[in-house]
Amino acid sequence: MNKAENIKREIALVQGKLTRLENALAEIQASCFHQYTDYQYYKRCAHCGKVEVLYY
């Protein structure tokens, strides 16, 4: 197996782990009772870190 194949395999593993982590974060944020701290252009939950943009 050459280096390129090893790199491609490692990228696929990391992408899979990233997807699982993103799904776990989405579940946490969906079940969180948000307490937002307001900033000028956005607000961020103190518990889960979810950000909501206030201005577009």
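Values in this text are rule-based calculations from the coordinates and carry no lab data. Note that the coordinates shown come from a computational prediction; the quantities given were computed from them, not determined experimentally. As a convention, Cβ positions derive from the backbone with ideal geometry for all residues, glycine included, and neighbour counts pool all protein chains shown.
Of the strands (runs of 3 or more DSSP E) contained entirely in the chain, those carrying at least 1 residues that are surrounded by 10 or more Cβ atoms within 10 Å (Cβ to Cβ), among the aliphatic types (A, V, I, L, M) and in contact with a Phe, Trp or Tyr (Cβ under 6 Å, 6 or more places away or on another chain) fall at 51-53. Of all residues in the stretch 32-56, those that are on the phi > 0 side of the Ramachandran plot and free of Cβ contacts under 8 Å to residues at least 40 places away in the same chain have Cβ atoms under 8 Å from Cβ atoms of residues that are surrounded by 12 or more Cβ atoms within 10 Å (Cβ to Cβ) and outside any loop (DSSP other than H, G, I, E, B), 6 or more apart or on another chain, in G49/Q29.
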